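Visitor: Input: one structure, supplied below.
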Amino acid sequence: MVPIIESIDENKVVPSAKTVYRDCIMLVVKHPSEDKYLYLHNKKFGWNILLQGGIDQNENMIVSAVRELIEETGFNDIKSVTKLDFEMDNVYYAAHKNENRYAMIKTFYIELNSLNQGSHEDEAEILFDNYENLYDLFGAPFRHHYYLLGLAIGKEKNVVSKKTTKLGTLDLINHQVKYRKVEDKPENI
């Protein structure tokens, strides 16, 4: 089963906006020398989020993860990239794109060798913090980012159940949780 996390707060689906279905990656990026994890602070909207992006058509997921890391942060000295088993869908209004998104998310854990950076996009401030502080930094709209981080570093268990509005120990405030079978296409749900 794949959990479907649907925003019912300020990021809830806007009925008049088009909906885009997209395969996406979400990255948990470990600082090279400290027990801290990368997050982005979007300057325009004030969001604190894990790095995420779309998988281009016919693009390998690992290539996509590395491409997004380099495009968004400039970090290019990578020690390892690991695809995690956990997947989730996220349904929300993407204000920065003026469209609804149905994101089918694959999660990756990336360890950096160093903080060497090349050029990168400048839409967000690149920051690191420890796991405990990120709960409040992500806030209710992005609490599922905290859960994915917890899964990646072994602080959460992969608990998928139709009988709960929680994922693991995480209460998904301002979200509705549904589920789909892995083999089902999201457009048909």
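All of the numbers you see were taken from the coordinates with simple rules; none came from a lab. Quick caveat: nothing in here was measured; it's all calculated off a predicted structure. Every residue, glycine among them, receives a Cβ derived from its backbone with ideal geometry; neighbour counts consider all protein chains shown.
Visitor: Would you grab the residues whose amide H sits under 5 Å from the one on Gly53? Only those 5+ places off in sequence or on another chain, please, with H modelled 1.01 Å from N.
Guide: Here Ile25 satisfy the definition.
Visitor: How large is ³J(HN,Hα), in whole Hz, for each residue of the range 121-134 in order, when computed from phi with the Karplus curve 6.51 cos²θ - 1.76 cosθ + 1.60 and θ = phi - 60°, using x for Gly and Pro?
Guide: 5, 10, 7, 9, 7, 9, 9, 10, 7, 7, 3, 4, 6, 5
Visitor: What's the exposure ranking of Ser16, Ser80, Ser64, going from fewest to most Cβ atoms within 10 Å?
Guide: On the way: Ser16 6, Ser80 10, Ser64 20.
Going from sparsest to densest Cβ surroundings: Ser16, Ser80, Ser64.
Visitor: Exposure proxy check: Met104, Met26 ranked by fewest other beta carbons within 10 Å?
Guide: Ascending number of Cβ neighbours within 10 Å: Met104, Met26.
Visitor: Could you pull out every residue, at least 5 positions away or on a different chain, whose amide H is within less than 5 Å of the one on Ile78? Hs are placed 1.01 Å off N in the peptide plane, and Pro or chain starts have none.
Guide: Under 5 Å from the amide H of Ile78 lie the amide H atoms of Asn113, each far enough along the sequence or on another chain.
Visitor: Under 5 Å between amide H atoms, partner at least 5 residues away or on a different chain: which partners does Tyr39 have, H built in plane at 1.01 Å?
Guide: Amide H neighbours of Tyr39, under 5 Å, 5+ apart: Leu127, Phe128, Asp129.
Visitor: From the Cα gyration tensor of the range 74-131, with a ≥ b ≥ c the square roots of its eigenvalues, which class applies: rounded if a/c is under 1.5, or else prolate if a/b is larger than b/c, or else oblate?
Guide: oblate
Visitor: Pick out, in residue order, every one of the trypsin sites (Lys or Arg not before Pro) in the range 1-95 that is DSSP loop and has at most 10 other C-beta atoms within 10 Å; say none if there are none.
Guide: Of the trypsin sites (Lys or Arg not before Pro), the ones in loops of the range 1-95 whose Cβ has at most 10 other Cβ atoms within 10 Å are Lys18, Lys44.
Visitor: So what are the ³J(HN,Hα) numbers for the range 102-113, from phi and the Karplus equation (6.51, -1.76, 1.60; θ = phi - 60°), rounded to whole Hz, Gly and Pro as x?
Guide: 10, 9, 9, 9, 9, 10, 10, 10, 10, 9, 8, 7
Visitor: Return the distance in nm (one decimal) between the two label points of a simple spin-label model at Ile70 and His96, each offset 7 Å from Cα along Cα→Cβ.
Guide: 2.0
Visitor: Follow-up. Give me the number: length gained by fully extending Gln117 to Asn58, i.e. 0.36 nm times residue separation minus the C-alpha to C-alpha distance, one decimal in nm. Could you put the intermediate results ahead of the total?
Guide: Numbers: separation 59, 0.36 × 59 = 21.24 nm, distance 2.71 nm.
Result: 18.5 nm gained on full extension.
Visitor: Under 15 Å from the Cβ of Asp129, count the other residues' Cβ atoms, weight Lys and Arg +1, Asp and Glu -1, and hand me the total.
Guide: -2
Visitor: Here is a further query. At a Förster distance of 22 Å, what's the computed FRET efficiency of His41 paired with Lys155, Cβ-Cβ distance as r, to 0.05?
Guide: 0.50
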